[in-house]
6 protein chains.
Amino acid sequence: MPKVRVTRRLHFAAAHRLCNAAFDDAQNRAVFGACSNPNGHGHNYQLEVTVEGEVDPTTGFVLDVKRLRDLVSDLVIQDLDHANLNVDVGWLDGVNPTAENVAVRIWHRIDGHLEGARLVSVRLWETERNLVEYRGE
Amino acid sequence: MPKVRVTRRLHFAAAHRLCNAAFDDAQNRAVFGACSNPNGHGHNYQLEVTVEGEVDPTTGFVLDVKRLRDLVSDLVIQDLDHANLNVDVGWLDGVNPTAENVAVRIWHRIDGHLEGARLVSVRLWETERNLVEYRGE
Amino acid sequence: MPKVRVTRRLHFAAAHRLCNAAFDDAQNRAVFGACSNPNGHGHNYQLEVTVEGEVDPTTGFVLDVKRLRDLVSDLVIQDLDHANLNVDVGWLDGVNPTAENVAVRIWHRIDGHLEGARLVSVRLWETERNLVEYRGE
Amino acid sequence: MPKVRVTRRLHFAAAHRLCNAAFDDAQNRAVFGACSNPNGHGHNYQLEVTVEGEVDPTTGFVLDVKRLRDLVSDLVIQDLDHANLNVDVGWLDGVNPTAENVAVRIWHRIDGHLEGARLVSVRLWETERNLVEYRGE
Amino acid sequence: MPKVRVTRRLHFAAAHRLCNAAFDDAQNRAVFGACSNPNGHGHNYQLEVTVEGEVDPTTGFVLDVKRLRDLVSDLVIQDLDHANLNVDVGWLDGVNPTAENVAVRIWHRIDGHLEGARLVSVRLWETERNLVEYRGE
Amino acid sequence: MPKVRVTRRLHFAAAHRLCNAAFDDAQNRAVFGACSNPNGHGHNYQLEVTVEGEVDPTTGFVLDVKRLRDLVSDLVIQDLDHANLNVDVGWLDGVNPTAENVAVRIWHRIDGHLEGARLVSVRLWETERNLVEYRGE
């Protein structure tokens, strides 16, 4: 059967502040600029999760995209939406919530839970102009 | 000369938390739901400012859209971008930062500073699906 | 209190066929072209519902946009999503499901059910390039 | 019958240079900045034309949006697409091709040719962030 | 010469119903949910076709994107636009019209007809949030 | 450390005319159609630059996306924005400014200047429907 990639786009609204806990305020300001404002800022994040697999001849699906949506909602969106990424999310503990770090953690959060489909890519848009992608490498 | 409306779209990333200071936590949770999470959340706000005026026969402009951009950037975006709307912005003091309240305050922040063009509309997108508009009424 | 307009964007996927039951096939083809193909076609419709009201000083809302979303979902989207507009929707009976006719029927479906907010506009995008708006006139 | 507004979105790609023929180069540079670069620049313009009328009970249309598309294509897009707005378009002669001036000329180009529908608005996006609207006033 | 990828985005509006002809109604409802509503629903599909090849030093093109548009229009869009994917399209016969299956059939419909350019990817957006990609594997 | 791809989207507005200097007018018209209109046309180009690298454990960045933005702005956008690609840009001299050729030149303009991050892809949207990608091959 042909191998097809299926992508679901989801979104969440969250606050964050970029900082390295080992830095003092002046260092954080120097490295992260306005992104390190002490009271935080926020984004409407867009998340694209891509899986790959053979098309099931019975259903015509790789993985029902509604099922993919529900899996990612339960494992990721439910925790991140309307949250503060620095303090509210257990599986982001100890990480500076840059888009890079959040994308890598999302990958590990969902990998192995996709009902046989292979996780290919986690893409995270922080704004309409800024995108990171992690592919498990 | 014909009267034309000119709109500039700008954006800012900010954190906020919805709450009424006169409510206790349970009341805030009941009224505002996840939007009142104590540590806040955030958005990529899109702001559209519309002015109206006669076309200047010398320039062909109502108000140079780059000038409109700079005016709104200086008066609004500089204060709101990468800020926490509950605590960082003097001209939002004392207001629950719903999209409605922020739009009304933005109107009053820029009205009278638009070099002769008449302010017609302030539109604020909190997400791709939620929009408020204030027209000075 | 200031009067603000609040808009919620929702979407639904539906099939339809344009035809006038009083026409024969040749007439329908002449008037509606490919839109009258007997087996139908479909769209991802985008619906924008706008209400207006004074900002409640207690909440900072005109009408909580999540409440607006739920009202329109229950009254409109639940019936139209994944439906065939020609045959599946009781409140579209007897109407050729052009965007104009559907928008007018959506207006009457929700008007009076918006908890005190005044309905201002129903905008319906049939494609990214085709839009109709009904304002109750 | 209810009155509905119908909008068609079209686009064209064109070059232009902003300048006032009565100015010398230094004046044009002072007023128009990079927009007056002598060799021009260009845009993917998005044009939204809105008409209003009663819904025809026979068709369910105000004006078939495909007919609206064809009318605007023939009268406007055919002349502007892949053209230089300063030199290639007879009905823009003598006008500095700002978005404001182009929108006003488009209005007069199509008004009266819309088969009974009333022209309500011409909206012209020069970029994703800059919009002008002319409503015939 | 450098190898470049060229993508053309096209769209079509179509109806479909998801079902397995070997299933009874209850099974189809269990597997496909609302997507198996007997009277169908529909979408504005966005199709992205990507080809790769060396840049021709005479033209600066891999394959003129207008030519790519015309080829895909003739081979694919003409058949799918304003059609019902379950019954109107010969080259979809015998296939449950999931996005996965439609994308694979589109690939085979155009592969070998692209005037020397190598087909790299067929991407099909069923909604703004659901995407499948077939790369010939 | 995990390897992540970071993409920045930027835009510029420019004029161009497609032509081969070795062709006469009739040949240019035959090959390039309206794109070879002698007075040129233009676009709002969208440019996406993607780099890859390991996440720096101190900052959580591969390359600060604001730094990536500034590098590409200085090396590319400053020269292309509000310019005529046929005559105003030294590093495009001698090339027919098709999207393919411009993307390849942008690659060579920025490759090696990205502070240790590896350049992966240059994607250039000429319109919302036409995209080219160069990956250095």
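The values are calculated or read from the model by the stated rules, or taken from the named source; none is laboratory data. This is a predicted model, so every value here is computed, not measured. Here the Cβ positions follow ideal geometry from the backbone for every residue, glycine too, while neighbour counts run over all protein chains shown. To get the accessible areas, we keep the full protein, side chains included, count just its heavy atoms, and leave off ligands, DNA and RNA. Shrake-Rupley method; radii C 1.70, N 1.55, O 1.52, S 1.80 Å.
Test F:G53 against the criterion of being open to solvent by less than 30 Å² (accessible area, probe 1.4 Å) and more than 14 Å from chain D (Cβ to nearest Cβ), and give yes or no.
yes
What residue, among those in segment E:88-106 that are among the aliphatic types (A, V, I, L, M) and within 14 Å of chain C (Cβ to nearest Cβ), is farthest from A:V6 (Cα to Cα)?
Going through the qualifying residues, I end up with E:V89.
When you scan segment E:58-72, do you find a residue that is open to solvent by less than 20 Å² (accessible area, probe 1.4 Å) and either among the charged types (D, E, K, R) or in contact with a Phe, Trp or Tyr (Cβ under 9 Å, 6 or more places away or on another chain) (or both), even just one?
No, every residue in segment E:58-72 fails to be open to solvent by less than 20 Å² (accessible area, probe 1.4 Å) and either among the charged types (D, E, K, R) or in contact with a Phe, Trp or Tyr (Cβ under 9 Å, 6 or more places away or on another chain) (or both).
Can you name the residue in segment F:30-50 that is more than 10 Å from chain D (Cβ to nearest Cβ) and in a strand (DSSP E or B) and, of all such residues, is nearest to E:K66 (Cα to Cα)?
Only one residue fits best here, namely F:L47.
Return yes when B:L85 is within 14 Å of chain A (Cβ to nearest Cβ), aliphatic (A, V, I, L, M), touching a Pro at 6+ places or on another chain (Cβ under 8 Å) and within 28 Å of C:L63 (Cβ to Cβ) and no when it is not.
yes
So C:G94 passes all but one of these: (1) open to solvent by 40 Å² or more (accessible area, probe 1.4 Å); (2) closer than 26 Å to D:L47 by Cβ; (3) small (G, A, S). Which condition number does it fail?
(2)
How many residues are hydroxyl-bearing (S, T, Y) and surrounded by 23 or more Cβ atoms within 10 Å (Cβ to Cβ) when one looks only at segment A:30-50?
So the count comes out to 1.
Collect the residues in segment C:112-137 that are modelled with pLDDT of 95 or more, away from every other protein chain (no Cβ under 12 Å) and over 13 Å from C:V6 (Cα atoms), keeping them in residue-number order.
C:G112, C:H113
When segment F:98-137 is examined, which residues are found to be assigned to a loop (DSSP other than H, G, I, E, B), in contact (Cβ under 8 Å) with a residue 40 or more places away in the chain and either touching a Lys or Arg at 6+ places or on another chain (Cβ under 8 Å) or farther than 17 Å from D:N44 by Cα (or both)?
F:H113, F:L114, F:E115, F:G116, F:A117
Give the residues of segment E:57-67 that are out of contact with any Gly (no Cβ under 6 Å at 6 or more places or on another chain), aliphatic (A, V, I, L, M) and at the interface with another protein chain (Cβ under 9 Å from one of its Cβ atoms), sorted by residue number.
Answer for segment E:57-67, where residues must be out of contact with any Gly (no Cβ under 6 Å at 6 or more places or on another chain), aliphatic (A, V, I, L, M) and at the interface with another protein chain (Cβ under 9 Å from one of its Cβ atoms): just E:V65.
Every residue in segment C:1-45 that is aromatic (F, W, Y) and modelled with pLDDT under 95, please.
Listed by number, the list is empty, since nothing qualifies.
Take segment B:1-29 and flag every residue that is more than 14 Å from chain A (Cβ to nearest Cβ), open to solvent by 20 Å² or more (accessible area, probe 1.4 Å) and under 30 Å from D:N101 (Cβ atoms).
If the condition is that a residue be more than 14 Å from chain A (Cβ to nearest Cβ), open to solvent by 20 Å² or more (accessible area, probe 1.4 Å) and under 30 Å from D:N101 (Cβ atoms), then B:M1, B:P2, B:K3, B:R5, B:R8 are the ones that fit.
Every residue, every condition in (1) acidic (D, E); (2) without any contact (Cβ under 8 Å) to a residue 40 or more places away in the chain, yes or no:
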site	(1), (2)
C:R8	no, no
C:L18	no, no
C:C35	no, yes
C:G42	no, yes
C:E52	yes, no
C:V65	no, no
C:L75	no, yes
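Inspect all residues belonging to segment B:43-52 and state whether any of them is in contact with a strand residue (DSSP E or B) (Cβ under 9 Å, 6 or more places away or on another chain) and of a type in the set (D, E).
Yes, the conditions are met somewhere in segment B:43-52.
Which condition number does E:V6 fail, the rest of (1) farther than 17 Å from E:V122 by Cβ; (2) more than 13 Å from the chain's Cα centre (by Cα) being met?
Among (1) farther than 17 Å from E:V122 by Cβ; (2) more than 13 Å from the chain's Cα centre (by Cα), the lone unmet condition for E:V6 is (1).
Among the residues of segment F:73-91, count how many are of a type in the set (V, I, T) and open to solvent by less than 10 Å² (accessible area, probe 1.4 Å).
2
Please indicate, with yes or no, whether at least one residue in segment A:74-81 is assigned to a loop (DSSP other than H, G, I, E, B) and over 27 Å from E:N28 (Cβ atoms).
yes
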